[in-house]
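Below: one structure, written as structure tokens.
The values are calculated or read from the model by the stated rules, or taken from the named source; none is laboratory data. Owing to the predicted nature of the structure, the values given are computational and were not obtained by experimental measurement. Note: ideal-geometry Cβ built from the backbone for every residue, glycine included; neighbour counts use all protein chains shown.
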Amino acid sequence: MIKVGIVGGTGYTGVELLRLLAVHPDVQLTAITSRKEDGLPVADMFPSLRGRVNLAFSSPDKADLSKCDVVFFATPHGVAMAQAPALLAAGVKVIDLAADFRIKDKAVFEKWYKIEHTCPGLLDEAAYGLAELNRDAIKGARLVANPGCYPTTMQLGYYPLLKAGLIDAGSLIADCKSGVSGAGRKAEIATLFSESSDNFKAYGVAGHRHTPETSAQLQKFTADKVGLVFTPHLVPMIRGMHSTLYGRLTKDVSNEELQALFEAQYLDSPFVDVMPFGSHPETRSTRGSNMLRLALHRPDNGNTVIVLVVQDNLVKGASGQAVQCMNLMFGLEETTGLTQIALLP
Ligand SMILES: NC(=O)c1ccc[n+]([C@@H]2O[C@H](COP(=O)([O-])OP(=O)(O)OC[C@H]3O[C@@H](n4cnc5c(N)ncnc54)[C@H](OP(=O)(O)O)[C@@H]3O)[C@@H](O)[C@H]2O)c1
């Protein structure tokens with residue numbers, strides 16, 4: 001059994017990790033931390049886990065994380081980088097759900113996250129945890145940077161088109177929407193019920209932290225200079241993410257060829273569903289599951305290709321993706337413990 005520790009067990013990605021790992025056949029939950037809830041049984045805070053998780057939260061200084069085989073950091077940025085070096089030295093693998101190891105360039109990280117990076121020596125080693133595009137590196141990794149939720153949709157949607165050189169890399173436009181759980185469980189005015197329900201707004205239009213992460217990854221797929229306009233929106237739902245990706249076609253290609261390109265690319269990726277050309281994936285078709293669904297459109301058969309991408313921000317966008325990485329790091333089937341079907345309605 002893989003002994004698992006979770007730092008930040010009281011947040012939304014933390015409890016999602018608990019939901020998935022409590023029924024994972026190869027995992028033994030070993031330590032779950034919270035600074036505020038030291039000693040509280042996990043099931044007292046989350047009754048959904050009664051009878052499934054019998055541990056109590058412990059404060060990070062008391063939890064002996066070095067006895068784990070792998071530790072997930074479901075914490076704000078800056079926490080994993082402070083603890084990863086000691087854990088790695090003790091032979092513990094680390095999966096960070098925050099951004100500490102996603103951006104390889106220290107200066108770019110510090111510019112966007114406004115904190116000093118305290119272990120830049122680990123940036124090159126960290127594997128970017130997008131299994132569909134980086135499976136082999138994840139398999140051999142002891143440190144994984146789990147991708148951001150929006151960047152997951154943008155990369156899986158744009159990758160086949162950029163790799164095949166079919167779209168203008170310099171004019172990518174991503175219009176993306178997230179449910180409110182994307183902001184985490186901490187109390188904030190913007191996520192109060194009366195502020196976020198029955199309302200719809202863009203945010204971070206002038207610049208969002210997921211832009212440098214996504215641009216750097218997309219740049220690996222093409223020799224042309226990537227230009228990405230990314231506009232995130234908050235929608236009044238709890239879970240779910242919908243990204244509408246626009247690309248300007250630069251080559252003569254049929255709709256059938258576009259569809260075949262995506263189907264071939266994701267043939268061996270069990271968590272990417274390429275839907276029939278022209279279909280409209282719904283966020284609820286991924287709710288609670290690790291599935292990402294996408295569909296291609298081409299209005300009026302013109303030179304704009306649109307990729308619609310949906311996922312559950314807390315599963316494929318965060319905790320499910322992290323478990324997918326853990327499975328690869330420990331030589332398990334990629335799908336182990338992740339075969340839940342989406343909840344509907
Ligand atoms: N929500 C999403 O959809 C989503 C998607 C992709 C990635 N992410 C990323 O995943 C990470 C966690 O997100 P979340 O939405 O789960 O956040 P959250 O709901 O706000 O939870 C944060 C957790 O971290 C703990 N924590 C906070 N500061 C800490 C510190 N200094 N040391 C140790 N523990 C600390 C908190 O517990 P205590 O305060 O009790 O210690 C809490 O359990 C973030 O980096 C986020 O950007 C989130």
Checklist line | Sole residue being among the basic types (Lys, Arg), touching a residue at least 40 places away in the same chain (Cβ under 8 Å) and touching a Gly at 6+ places or on another chain (Cβ under 9 Å), chosen from Lys139, Lys163 | finding: Lys139
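When you go through Pro160, Pro212, Pro232 one by one, which is the residue that is more than 14 Å from the chain's Cα centre (by Cα), surrounded by 15 or more Cβ atoms within 10 Å (Cβ to Cβ), modelled with pLDDT of 95 or more and over 19 Å from Val309 (Cβ atoms)? Lay out the reasoning, then the answer.
On the way: Pro160 fails: over 19 Å from Val309 (Cβ atoms); Pro232 fails: over 19 Å from Val309 (Cβ atoms).
So the residue among Pro160, Pro212, Pro232 that is more than 14 Å from the chain's Cα centre (by Cα), surrounded by 15 or more Cβ atoms within 10 Å (Cβ to Cβ), modelled with pLDDT of 95 or more and over 19 Å from Val309 (Cβ atoms) is Pro212.
Can you list the strands (runs of 3 or more DSSP E) found entirely within the range 1-80 that contain at least 3 residues being on the phi < 0 side of the Ramachandran plot and away from the ligand (no atom under 14 Å from the Cβ)? Let's see the steps before the verdict.
Working: elements: 2-7, 27-33, 70-73.
It comes to 2-7, 27-33.
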Notebook entry, point to check: Mind checking which residues of the range 244-258 are touching a residue at least 24 places away in the same chain (Cβ under 8 Å) and among the charged types (D, E, K, R)?
Noted result: Arg248, Lys251
Check: In this structure, is Thr222 in a loop (DSSP other than H, G, I, E, B), crowded, with 18+ Cβ neighbours inside 10 Å and at pLDDT 95 or above?
Finding: yes
Check: In the set Arg135, Arg142, which member is more than 18 Å from Ala98 (Cα to Cα), surrounded by fewer than 23 Cβ atoms within 10 Å (Cβ to Cβ) and among the basic types (Lys, Arg)?
Finding: Arg135
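Within the range 175-185, can one find any residue that is over 19 Å from the mean Cα position of the chain (by Cα) and either part of a loop (DSSP other than H, G, I, E, B) or surrounded by 15 or more Cβ atoms within 10 Å (Cβ to Cβ) (or both)? Can you show your working first?
Residues of the range 175-185 that are over 19 Å from the mean Cα position of the chain (by Cα), as a first pass: none.
No: zero hits.
Give the residues of the range 113-127 that are of a type outside the set (A, V, I, L, M), more than 14 Å from Pro76 (Cβ to Cβ), out of contact with any Leu (no Cβ under 9 Å at 6 or more places or on another chain) and in contact (Cβ under 8 Å) with a residue 12 or more places away in the chain, sorted by residue number.
Kept after step one, since they are of a type outside the set (A, V, I, L, M), are these residues of the range 113-127: 113-114, 116-121, 124-125.
Filter once more, so that each one left must be more than 14 Å from Pro76 (Cβ to Cβ): 116-121, 124-125.
Still in the running and out of contact with any Leu (no Cβ under 9 Å at 6 or more places or on another chain): 116, 118-121, 124.
Across the range 113-127, the qualifying residues are Thr118, Cys119, Pro120, Asp124.
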